[in-house]
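Engineer: Please find one structure pasted underneath; my questions will follow.
The values are calculated or read from the model by the stated rules, or taken from the named source; none is laboratory data. Note that the coordinates shown come from a computational prediction; the quantities given were computed from them, not determined experimentally. We place every Cβ from the backbone using ideal geometry, glycine too, and count neighbours over all the protein chains shown.
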Amino acid sequence: MPGSTAQPSSDAQLYLHPQTLARLGSMEMRAKMIVEGVMSGAHRSPFQGFSVEFAQHRPYAPGDDPRHLDWKVFGRTDRLQLKQYQQETNLDLVCVVDASGSMNYGSRTFADASGEGLKTSPDGRDYWSKYDHATALAAAVSYITLRQGDRAGLVVFADEARRVVRRSSAQGTWRQIVSGLSTQPVDRPTDFSAAIDATLSVITNRSLIAVISDFFEDPEKIREGLARLRHRRHDVIAFQVLDRAETEFTINSGAPFDGLEGEPRLRVDPRAIREAYLEAIHSHIEEVERTFRGFGFDYHRLSTHDWLGPPLASYLARRAARLKRSRFG
Amino acid sequence: MTFLNPGLLIAGALAAALPIIIHILMRRRRKPVPWAAMRFLQEAYRKQRKRLKLEQLLLLAARCLIVLLIGAALARPLLGGDTPLADGGARTVWILLDDSLTSATDAGDGSDFERHTQRATEIIEGLDGAAGDRVGLIVLSTPARAIVDPPSTDLDAVRTIIEELEPTDAEADLPGGAAIVNAAMADASGDSAVAVLSGFRSGSLGEDNDTSAMPSGGIGVTLAASNPVSASVTNLAVQEVRPLRDLIATGATSGPEPVLVGLRRYGPSDGPRRVELVVRLGTGDDAAEIGRREFVWPAERDTIEETVRADLALGLRALGRGGRTPPRRVVLSVELEAPGDGIASDNTSRRVLELRDRIAAAVIGPRRFGSRPSIEEFEPADWLRLALSPDPDDRAGIELTTLDPNSVDQARLAGMDAVWVTTPGSLTANGWAALASVARRGALVVICPDADEPVQLWTDQASAAFGQSMPTVAREAEDAETPLTLRPPERDSAGVLDQLAGELADLLTPVGVTRRVAIDPGESEPILVFPDGAPALVAFAPTTSNTAQSTGSGQSTDGIGFVLISSFAIDLAWTDLPAKPLVVPLVQELTRQGAGRAGASGAMVAGTPLPADPRSTGIEPAGETRRVGPDGIARHAGVWRVLDERGGERALLVYNPETEASDTSPTAKDDAAARLSRLFPTTGLVRWFENERGETQAGDALGADLREPLTLGLLLTLLAFVLAESALSRVASHATREAAA
């Protein structure tokens, strides 16, 4: 059951189920937005230079490098125009994973979710928490990223950045990411804004940031954090991980509720407030989704009761198709 | 509001905390559920908090109230309001206890009265004086009287009173008891109960002519009654004792005399039965047995008359033994010895006999001096003297005195047993006063019209002297065209000529009356009548002077004294009676029996008032077994001594059991219920203390009904709360919404 503050297992294989990998193997992690890569790769670069692919002309301004002048245009139109190019760059993926106390909740049995035949986690838990699901998700997307030669990194946050794994394209990075996730205590309160600030402080170039969280946070703070990410031209994918019990609220017990982030105990008949609760949480979920999409970011909701592979594969396929349409269309 | 079981109310109040305690314990026992989305729970809770708290509060209150109401219902609450119970009382139970002669019926397993008192004690023990329960006690022996009224909360005292009660010899006065209760509850509209404890035998129910029930008040009164007895009990009773004479001239007594005894059997006959009659003479322990007769009561006869030969001389010698002065009056008692009889106290009946050496008689008329007149010169006084003392040598008979009308006063009349007045028109006012006085002291007064006066002017003075009980006598005499014969009346209730009954008709035949004064008898008793029914000789008892003064009615008599008024003078100008053989036995019998009747005044029946004012005449019990209630009514059989103003014995009174109450026949349950319903018209159906199976259900019949209205209300309220709690808990559990969801 939730509530344990024991550290997750460091067994990286645990969070990358073979079936998930099989599903994701053919997918590539493509940045929706143009990111600034340090390597020439499959991703579009925002930098219009002189290299690979012509992008557009613009009027010459004093101080511009005259080497980029398009003399053919000047010869035909007698106007000084600079040639701008679109450069394909390498992808930097940073997984920003929420390790706050609320992520340590789960109503699915560990034996059902792990797929390894284990009844309990290495630290003795018999339930599959949202953090377990987030860890598996981060491991999956990192694995894909690293496998296509891009760089992957990790920021684990709660009330602040708790753990950072620098971006690297080395194959061992994946194990560092999983290890960084599984050894992190999951019991702190959430401060999404502070976590974004900490993330931005370690990312200097434009990157694809996968935020994995339940987003049980004030939407205004989420909005503030996203605004800063948007300002820094980062691409963001939001993975909202929720438990089915949270979204359906089928608890009938008259037992009191204890908060996982230090909230005061609440004695209430769940049946009495079920309607109001469902209205509140679904309203919040919709608000979160609206917020992300409002900034032009991807948003994807995952349930801990579902297998990770199919929905993630489906999402990545849709995303790849959309990027291809925007490139050639 | 009061509670019959306040302890249960306290327990209920304490138990009302149970839902709270259970709620607290359940809170502690449940293991908390860790929850991530607390912010949404709190947000939902904040929105629903007021409604949830209200629901919880109402639910908790309903559950506490349910427990409290259960306790309150078990505590048997009694409402106050505008009922008598609001005066600080709780239940008011009126116990009507049958202590009549009938209640003494004993079938061998204890008397009915013992069962009644036991039931009364049980009822009282079921009450709570501390809670304000009250008991009123009414005993039903005639006339019914309230022993405890207003109802008292001192239940122990009432119980003690009940324990000291005994059956009386009077009949039951159920209508009177009902009237007392109905009057007491006339202004009441609340919850009370009436418990009628009687065997409802025929002797207790009496005649069904109830008019005393009051229709007002008593709304909501519960009427409970002990079950009518079903077993019939054989009861033999002495109904009448008739000696040969009530006035005994002791000097002339010799040999046994017959005493006629009337007997009656009530209930079933168990075949021929051997019983014995014992006759005694004497007032108390010194009574001497003077006669005994054993006989077999035939199975087929309910009423028989037996004659016992009683040796009065033997009894009189016993009374005079040891040099004692023989009394002037003595009690003749007859006891029926019948072992196993249903009621023992109605087996004895008494009668007072006046004892005299010689009967002192006076004739008021002109005195004669010198030689005896010839027959033609005889005046009424001469005829009477001759009739009263036909043989001058008979010294054991009547001692005769002649008094001149002008010289009549109390001193001269003192000690007279009989006074004949032949010239009433010559009496002075003092003379009439002296006559009335001697009559009230127990003497016979016979008034004949003035033979020589054409107009009788004395009637007004006589009425003034003897009171309004005196019949009206016409002033003018009337002559008959043909002599009027005399005959005894169809019903001779006075019975003064009983000894002549066999020969009276023959003796009256030759007698004719040619002149008479008309008499309106009023309530007086005719002794002889004319063929046209007009009274020729009437008897009445003088009105008690002090009673007449105190009541102003002048209608009450004390039964002492005996006055005869003749419509004709004992004179040949009025009648040929003086020349006929009847005159001597008639005058002698009137004198002897009238004097006896005047003094002994006959027998009274238990339950009737003492026939004189005890304050002025000084009535005292003469034996050990006499009792009188505070209302001056003797309800027990016995002997009473009537004293005059100077403390001398004026008369003896005997009270005999009321033979109407000797009927031990059972009454059908429906008949008893109908009778009770008529007596208590506002109480609804009667509830019996025992059910059809003979099981006692006193609580259901009485106590339960008292609390029924409020308890029922509480139970209905409880039901409403249970339904409300059920609905509320369903709402609070949100089961419907959950199912819908």
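Engineer: Residue by residue through the stretch A:230-256, note down the ones that are surrounded by fewer than 23 Cβ atoms within 10 Å (Cβ to Cβ), farther than 18 Å from A:HIS284 by Cα and either of a type outside the set (Ser, Thr, Tyr) or more than 7 Å from every other protein chain (Cβ to nearest Cβ) (or both).
Structural biologist: A:ARG230, A:HIS231, A:ARG232, A:ARG233, A:THR250, A:ILE251, A:ASN252, A:GLY254, A:ALA255, A:PRO256
Engineer: Out of all the residues in the stretch A:198-205, is one or more within 14 Å of chain B (Cβ to nearest Cβ) and over 22 Å from A:PHE292 (Cβ atoms)?
Structural biologist: no
Engineer: What number of residues within the stretch B:176-205 satisfy the criterion of being at pLDDT below 85, assigned to a loop (DSSP other than H, G, I, E, B) and either in contact with a Cys (Cβ under 7 Å, 6 or more places away or on another chain) or within 12 Å of B:LEU97 (Cα to Cα) (or both)?
Structural biologist: So the answer is 0.
Engineer: Shifting gears a bit: Restricting to the stretch B:335-350, name every residue that is assigned to a strand (DSSP E or B) and over 15 Å from B:GLU294 (Cβ atoms).
Structural biologist: B:THR348, B:SER349, B:ARG350
Engineer: Sticking with this structure for a sec: If we scan the stretch B:405-419, do we find a residue that is surrounded by fewer than 23 Cβ atoms within 10 Å (Cβ to Cβ) and among the acidic types (Asp, Glu)?
Structural biologist: Taking every residue of the stretch B:405-419 in turn, at least one turns out to be surrounded by fewer than 23 Cβ atoms within 10 Å (Cβ to Cβ) and among the acidic types (Asp, Glu).
Engineer: Could I ask something else about it? Select from the stretch A:100-114 the residues that are in contact (Cβ under 8 Å) with a residue 24 or more places away in the chain and more than 13 Å from chain B (Cβ to nearest Cβ) and write down the one among them that is surrounded by the most Cβ atoms within 10 Å (Cβ to Cβ).
Structural biologist: A:ALA113
Engineer: Among the residues of the stretch A:258-285 satisfying the criterion of being assigned to a helix (DSSP H, G or I) and more than 7 Å from chain B (Cβ to nearest Cβ), which is modelled with the lowest pLDDT?
Structural biologist: Filtering the stretch A:258-285 for residues that are assigned to a helix (DSSP H, G or I) and more than 7 Å from chain B (Cβ to nearest Cβ), the one modelled with the lowest pLDDT comes out as A:PRO270.
Engineer: From the residues in the stretch B:7-57 that are outside any helix (DSSP H, G or I) and touching a residue at least 40 places away in the same chain (Cβ under 8 Å), which one is nearest to the other protein chains (Cβ to nearest Cβ)?
Structural biologist: Across the stretch B:7-57, the extreme among qualifying residues is B:ALA17.
Engineer: Another question, then. So which residues in the stretch A:115-131 are away from chain B (no Cβ under 14 Å) and touching a helix residue (DSSP H, G or I) at 6+ places or on another chain (Cβ under 9 Å), if there are any at all?
Structural biologist: A:GLY115, A:GLU116, A:GLY117, A:LEU118, A:LYS119, A:THR120, A:SER121, A:PRO122
Engineer: At pLDDT 70 or above, assigned to a strand (DSSP E or B) and more than 25 Å from B:ASN182 (Cα to Cα) - does that describe any residue in the stretch B:656-667?
Structural biologist: yes
Engineer: Only one of (1) within 14 Å of chain B (Cβ to nearest Cβ); (2) surrounded by fewer than 23 Cβ atoms within 10 Å (Cβ to Cβ); (3) closer than 23 Å to A:HIS305 by Cα; (4) of a type outside the set (A, V, I, L, M) is not met by A:GLU289, so which one is it?
Structural biologist: (1)
Engineer: Sticking with this one: So A:LEU302 ticks every box in (1) more than 14 Å from every other protein chain (Cβ to nearest Cβ); (2) among the aliphatic types (A, V, I, L, M); (3) part of a helix (DSSP H, G or I) but one. Which box is left unticked?
Structural biologist: (3)
Engineer: Something else about it: Can you tell me which of A:SER207, A:SER168, A:SER142, A:SER213 is in contact with a strand residue (DSSP E or B) (Cβ under 7 Å, 6 or more places away or on another chain) and without any contact (Cβ under 8 Å) to a residue 24 or more places away in the chain?
Structural biologist: A:SER168
Engineer: Residues in the stretch B:495-531 that are more than 29 Å from B:GLU240 (Cα to Cα) and in a strand (DSSP E or B): how many?
Structural biologist: 8
Engineer: Let me ask something else. Go through (1) within 14 Å of another protein chain (Cβ to nearest Cβ); (2) on the phi < 0 side of the Ramachandran plot; (3) surrounded by fewer than 16 Cβ atoms within 10 Å (Cβ to Cβ) and name the single condition A:PHE192 misses.
Structural biologist: (3)
Engineer: Another one. I'd like to verify a number: residues in the stretch A:304-319 that are crowded, with 18+ Cβ neighbours inside 10 Å and small (Gly, Ala, Ser), how many?
Structural biologist: Final tally of qualifying residues: 2.
Engineer: Continuing with this model, one more query. Given the structure, is B:LEU353 surrounded by 17 or more Cβ atoms within 10 Å (Cβ to Cβ), without any contact (Cβ under 8 Å) to a residue 40 or more places away in the chain, among the hydrophobic types (A, V, I, L, M, F, W, C) and not in a helix (DSSP H, G or I)?
Structural biologist: No; evaluated as a whole, the condition is false for this residue.
Engineer: Of the numbered conditions (1) closer than 22 Å to B:ARG46 by Cα; (2) more than 9 Å from every other protein chain (Cβ to nearest Cβ); (3) free of Cβ contacts under 8 Å to residues at least 40 places away in the same chain, A:PRO219 fails exactly one; give the number of that condition.
Structural biologist: (3)
Engineer: So, one more: If only one of B:THR142, B:THR153 is surrounded by 18 or more Cβ atoms within 10 Å (Cβ to Cβ) and in contact with a Lys or Arg (Cβ under 6 Å, 6 or more places away or on another chain), which one is it?
Structural biologist: B:THR153
Engineer: Just one of the numbered conditions (1) buried (at least 21 other Cβ atoms within 10 Å of the Cβ); (2) over 29 Å from the mean Cα position of the chain (by Cα); (3) at pLDDT below 85 is not true of B:ARG516; which one?
Structural biologist: It fails just one condition, (3).
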